[in-house]
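*Asks:* Take this structure first; my questions come after.
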Amino acid sequence: MLALCALVVLATGCAQQRIRDSADAELRAGNYEAAVGALESGSQRYPESATLRSGLVQARTEAVTRLMSEAGRALSQAQFEQADTLLQRAKTLAPNDRRIDDLLANVATERRQRAARTEAEKLVAAKRPQEALRVIADALKDNPRNSELLQLQRRFEIDLRQAAVTANRQGLSESRPISLDFRDAGLRQVLDVVTRNSGVNFVLDKDVRSDTRVTVFLRSARVEDAIDLIASTHQLARKTLDSNTILIYPNTPEKQREHQEQVVRVFYLASAEAKGAASFLRSMLKIRDPYVDERTNMLALRDSPENIALAERLIALYDTGEPEVLLDVEVIELRTSRLTELGVQFPTTFSLTPIAPAGAANITLGNIRSITRDDIVVGLPGGSINLRRETGDFNILANPRIRARNKEQAKILIGDKVPVITATTGTGGFVSDSVSYVDVGLKLDVQPTVFADDEVAIKIALEVSSLAREIKTSSGSLAYQIGTRNASTLLRLRDGETQLLAGLINNEDRTSASRIPLIGDLPVLGRLFSNTRDDTQRTELVLAITPRILRNVRRPDANETELWVGTETSPRLRQVGGRVLAEPAEEAAPGQRPSSPSPAGPAPMGGMAPIGIGSLPLSSAAPAATPKPRLDWVAPKEVKLGESFVVTVTLDSAASLRGLPLQIQLPKGAFAIEEIVEGDLFRQGGAATSFTQTIDTDKAIVRAGSVRNQATGALGKGSVLTLRLRATAAGRHSISVLSAQPLGADTLAPPIDRPANLLIEVKS
């Protein structure tokens, strides 16, 4: 019976293991339902089997985990059907698992958001970006962290902002020059005439006075500038509603608050402090108090678009990197010692000590008479001959390098902190000790000030100290005598210049002699009866310091640092001189004469002829046209492969120009750029210029340009820049000027005639 029971138990265990192994194989093959079903049926057949029960729990957990992981990968790849199928399979295995319900909800949300993204892209393609943004905003309510929708929302908002900025810059659609001639005319009459002849609509605020009289004489001015002049000279302000409509209202604080648009601009400063930037803006502009967040170094403004534009320019100048300098310090202490000790060291003292006579323990008055010479001990020190010579040379070197910010103090200490213990006795004999520390060694304090011309002013304080000796007080406490040498100065050095501070010299010459009286004082013979010690100590301290500027402030040119900001009541960015310059009229087609205003009335709106309005006819005589500036090439027509040659771009201009940025296209792989040199045209009269150059090697484009630092111009014929090239590929190659944007000195610069492409033959 026992054997039979053992066989039954063994057979049962083997059957359970077979079920477990079969389920594991199904689980590895991905047949999760079959694996769980086999284990469930086995558990019902063998309800007391711990192997099958634990296997069922493990298999169900592993199957659900794998299905959810696969569903997550499918969801990340936007395979919603597959993710839904996998999660439904997991739901059949674990009906009460809340994680599966959450993932199913995420799949449904992703489907809706993907559909919203598709719809938004269709709306943008149909030129309905505002509706597209509303669709995205509604979709983000389900999942505000959807990265694709957030990226799409940012892109649409940027496109809308750029379109709005472009439309704002264009201003009025009417760009033809206008001529006005009115004497003591009513404001409404003048604006009505401008509307009839230019197509610009006007809306007047109810508080604009109807009895305002206007006297204006203008010739060939922009319509927008003419309206600005009329408004500003009669205490009025204007607001552009669209490209054809302007609102005119009184220029009072109440009306400014009512009609002026407000812009909120947030600045995250990289280097400067937000509190200092706020004070800077308040002192430069009439703005509301900015909001300052010192935690994130953020500055927020809420003001008019004109003030915000001025604040942007000022913040760009203010938020510059703090200069930093690396101070290379070398401290050398030179010590030289010479010690000479020569002579005979004779005994200088001897002693007589009586001892008690035999049979007595001590000397008494009774036995003192019995003391003989044999009872007296003589103490006589030994003599010595000194032949001693010592020399020593010591170099104590410290070479610290320290990096410091502008006007910040940096400290170096190479040495020890020596404890000084002070004992304090209180009432009742209580004694307490207090410990203080004294710095002993090399101590250097530096404070650099970096200037824009790459010079550094350094405030230096050097101290070298050492322990001379210990001093013990009457109470038993120890104090120290400290020898010190100090030097402090203020230097101004160039970047990389080394300055030596020397001359801190300490000389000690000590001579001591030990002689036998009288005999030792003899001139020559006395050397045999004396001992002489000569001790010489010489110490010199040398400090070498070299500043190396790691980062300096960029000195901006006059174009950046000089801002014309309009008037105090109407601030805005203006051209140099405070003028708004007229755009050049478009060039007439070949064979056509330029249109001129008719004496009887304004020109038709179809062309770009000037508009003449007013009681006086315009003069028919036009000033002589100034020839347009021309660019030209000076270069060889043929070069050899590997040969270096020069290409010069020249400019012939009768108009006064302040600068000229250029973009030159080179053939890819044909020429190697060796050097780009500024020309001499804009340096006329020894004027200072700013010359910039960049090379786009991928596109083979050279960007370079010269600008005179002062608001003056140059004219005539001269070179703008020179390219030194080396031919690297044979063949016929072309060089062209992609763009040339002249900068006028006191007027708007006329357009430039670009030269024909330069053809160069490279022969092998």
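The values are calculated or read from the model by the stated rules, or taken from the named source; none is laboratory data. Here the structure is a predicted model, which is why all the values come from computation and not from measurement. For neighbour counting, all protein chains shown are included, and Cβ atoms are generated from backbone atoms with ideal geometry for every residue, glycine included. Accessible surface is based on the protein model in full, side chains and every heavy atom, while ligands, DNA and RNA are left aside. Shrake-Rupley method; radii C 1.70, N 1.55, O 1.52, S 1.80 Å.
*Asks:* Go through (1) within 26 Å of R335 (Cβ to Cβ); (2) not in a strand (DSSP E or B) and name the single condition G520 misses.
*Replies:* (1)
*Asks:* It is to be established whether one or more residues within the range 146-165 are over 30 Å from T567 (Cα atoms), in contact (Cβ under 8 Å) with a residue 24 or more places away in the chain and in a loop (DSSP other than H, G, I, E, B).
*Replies:* Yes, because at least one residue in the range 146-165 is over 30 Å from T567 (Cα atoms), in contact (Cβ under 8 Å) with a residue 24 or more places away in the chain and in a loop (DSSP other than H, G, I, E, B).
*Asks:* Looking at (1) surrounded by fewer than 17 Cβ atoms within 10 Å (Cβ to Cβ); (2) under 30 Å from F156 (Cβ atoms); (3) at pLDDT below 85, can you tell me which one Q44 breaks?
*Replies:* So the condition that Q44 fails would be (2).
*Asks:* Also, quick follow-up: Taking the condition of being loosely packed, with under 13 Cβ neighbours inside 10 Å, polar (S, T, N, Q) and within 29 Å of S243 (Cβ to Cβ), how many residues in the range 112-163 meet it?
*Replies:* 2
*Asks:* Kindly provide the set of residues from the range 328-362 that are in contact with a Pro (Cβ under 6 Å, 6 or more places away or on another chain) and surrounded by 15 or more Cβ atoms within 10 Å (Cβ to Cβ), ordered by number.
*Replies:* Result: V329, single match.
*Asks:* Right, next: Of the conditions (1) touching a residue at least 60 places away in the same chain (Cβ under 8 Å); (2) farther than 14 Å from P177 by Cβ, R209 fails just one. Which one is it?
*Replies:* The number of the failed condition is (1).
*Asks:* Quick check: anything in the range 214-223 hydroxyl-bearing (S, T, Y), closer than 30 Å to L133 by Cα and at pLDDT below 90?
*Replies:* no
*Asks:* For the range 663-678, name all the residues that are in contact (Cβ under 8 Å) with a residue 60 or more places away in the chain, assigned to a strand (DSSP E or B) and open to solvent by less than 40 Å² (accessible area, probe 1.4 Å).
*Replies:* Scanning the range 663-678 gives I664, F671.
*Asks:* Something else now. Collect the residues in the range 293-323 that are buried (at least 17 other Cβ atoms within 10 Å of the Cβ) and either on the phi > 0 side of the Ramachandran plot or assigned to a strand (DSSP E or B) (or both), keeping them in residue-number order.
*Replies:* Residues satisfying the conditions are N297, L299, L301, D303.
*Asks:* If only one of V464, V438 is assigned to a strand (DSSP E or B), in contact with a Lys or Arg (Cβ under 9 Å, 6 or more places away or on another chain) and either at pLDDT below 80 or open to solvent by less than 40 Å² (accessible area, probe 1.4 Å) (or both), which one is it?
*Replies:* Of the residues listed, the single one that is assigned to a strand (DSSP E or B), in contact with a Lys or Arg (Cβ under 9 Å, 6 or more places away or on another chain) and either at pLDDT below 80 or open to solvent by less than 40 Å² (accessible area, probe 1.4 Å) (or both) is V464.
*Asks:* For the range 700-711, state whether one or more residues are open to solvent by less than 30 Å² (accessible area, probe 1.4 Å), β-branched (V, I, T) and either closer than 26 Å to L759 by Cα or modelled with pLDDT of 85 or more (or both).
*Replies:* Yes, some residue in the range 700-711 is open to solvent by less than 30 Å² (accessible area, probe 1.4 Å), β-branched (V, I, T) and either closer than 26 Å to L759 by Cα or modelled with pLDDT of 85 or more (or both).
*Asks:* Examine the range 235-252 for a residue that is of a type in the set (V, I, T), under 16 Å from R183 (Cα atoms) and open to solvent by 20 Å² or more (accessible area, probe 1.4 Å), and state whether such a residue exists.
*Replies:* The answer is no, given that none of the residues of the range 235-252 is of a type in the set (V, I, T), under 16 Å from R183 (Cα atoms) and open to solvent by 20 Å² or more (accessible area, probe 1.4 Å).
*Asks:* Anything in the range 209-268 that is assigned to a helix (DSSP H, G or I), among the aliphatic types (A, V, I, L, M) and over 20 Å from R574 (Cα atoms)? List them, or say none.
*Replies:* none
*Asks:* Scan the range 503-547 for residues that are in contact with an Asp or Glu (Cβ under 7 Å, 6 or more places away or on another chain) and loosely packed, with under 15 Cβ neighbours inside 10 Å and jot them down.
*Replies:* I505, R510, T511 - these are the residues of the range 503-547 that are in contact with an Asp or Glu (Cβ under 7 Å, 6 or more places away or on another chain) and loosely packed, with under 15 Cβ neighbours inside 10 Å.
*Asks:* Go through the range 727-738 and report how many residues are under 37 Å from the mean Cα position of the chain (by Cα) and open to solvent by 30 Å² or more (accessible area, probe 1.4 Å).
*Replies:* Residues that pass the stated criteria total 1.
*Asks:* Okay, moving on. From D181, D207, D225, which residue is in contact with a strand residue (DSSP E or B) (Cβ under 7 Å, 6 or more places away or on another chain), within 21 Å of Q256 (Cα to Cα) and surrounded by fewer than 19 Cβ atoms within 10 Å (Cβ to Cβ)?
*Replies:* Only one candidate passes the filter, namely D207.
*Asks:* If the Cβ limit is 7 Å and pairs must be 6+ apart or interchain, which residue in the range 498-514 that is within 14 Å of L334 (Cβ to Cβ) pairs with which residue that is among the basic types (K, R)?
*Replies:* From the range 498-514, the pairs are L504/R485; N507/R538.
*Asks:* Hey, does the range 137-147 have a residue that's at pLDDT 85 or above and either touching a Phe, Trp or Tyr at 6+ places or on another chain (Cβ under 8 Å) or within 30 Å of L236 (Cα to Cα) (or both)?
*Replies:* The answer is no; no qualifying residue exists.
*Asks:* Can you find a residue in the range 367-379 that is in contact (Cβ under 8 Å) with a residue 60 or more places away in the chain, assigned to a strand (DSSP E or B) and of a type outside the set (S, T, N, Q)?
*Replies:* No - not one qualifying residue is present in the range 367-379.
*Asks:* Could we say that L52 is modelled with pLDDT of 80 or more, among the hydrophobic types (A, V, I, L, M, F, W, C), in a helix (DSSP H, G or I) and open to solvent by less than 60 Å² (accessible area, probe 1.4 Å) here?
*Replies:* It is false that L52 is modelled with pLDDT of 80 or more, among the hydrophobic types (A, V, I, L, M, F, W, C), in a helix (DSSP H, G or I) and open to solvent by less than 60 Å² (accessible area, probe 1.4 Å).
*Asks:* Being of a type outside the set (S, T, Y) and either over 37 Å from the mean Cα position of the chain (by Cα) or surrounded by fewer than 18 Cβ atoms within 10 Å (Cβ to Cβ) (or both) is the filter here, so list the residues in the range 645-662 that pass it.
*Replies:* F645, V646, V647, L651, D652, A654, A655, P661
*Asks:* Say whether the condition of being in a loop (DSSP other than H, G, I, E, B) and farther than 12 Å from P629 by Cβ is met by at least one residue in the range 748-756.
*Replies:* yes
*Asks:* Name the residues in the range 679-690 that are at pLDDT 85 or above and either in a loop (DSSP other than H, G, I, E, B) or closer than 22 Å to L666 by Cβ (or both), would you?
*Replies:* G679, D680, L681, F682, R683
*Asks:* Can you name the residue in the range 61-111 that is at pLDDT 85 or above, over 22 Å from A23 (Cβ atoms) and among the hydroxyl-bearing types (S, T, Y) and is also most open to solvent (accessible area, probe 1.4 Å) among such residues?
*Replies:* In this case the residue turns out to be T85.
*Asks:* Would you check if there is a residue in the range 291-314 being in contact with a strand residue (DSSP E or B) (Cβ under 7 Å, 6 or more places away or on another chain), at pLDDT below 90, closer than 30 Å to N197 by Cβ and acidic (D, E)?
*Replies:* Within the range 291-314, one or more residues are in contact with a strand residue (DSSP E or B) (Cβ under 7 Å, 6 or more places away or on another chain), at pLDDT below 90, closer than 30 Å to N197 by Cβ and acidic (D, E).
Residue-by-condition table, conditions (1) in contact with a helix residue (DSSP H, G or I) (Cβ under 9 Å, 6 or more places away or on another chain); (2) without any contact (Cβ under 8 Å) to a residue 12 or more places away in the chain:
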| position | (1), (2) |
| --- | --- |
| A270 | no, no |
| E273 | no, no |
| A278 | no, no |
| R282 | no, yes |
| Y291 | yes, yes |
| A311 | yes, no |
| I315 | yes, no |
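*Asks:* Going by the structure shown, is L490 touching a residue at least 12 places away in the same chain (Cβ under 8 Å), loosely packed, with under 14 Cβ neighbours inside 10 Å and either closer than 22 Å to V331 by Cβ or within 26 Å of the chain's Cα centre (by Cα) (or both)?
*Replies:* yes
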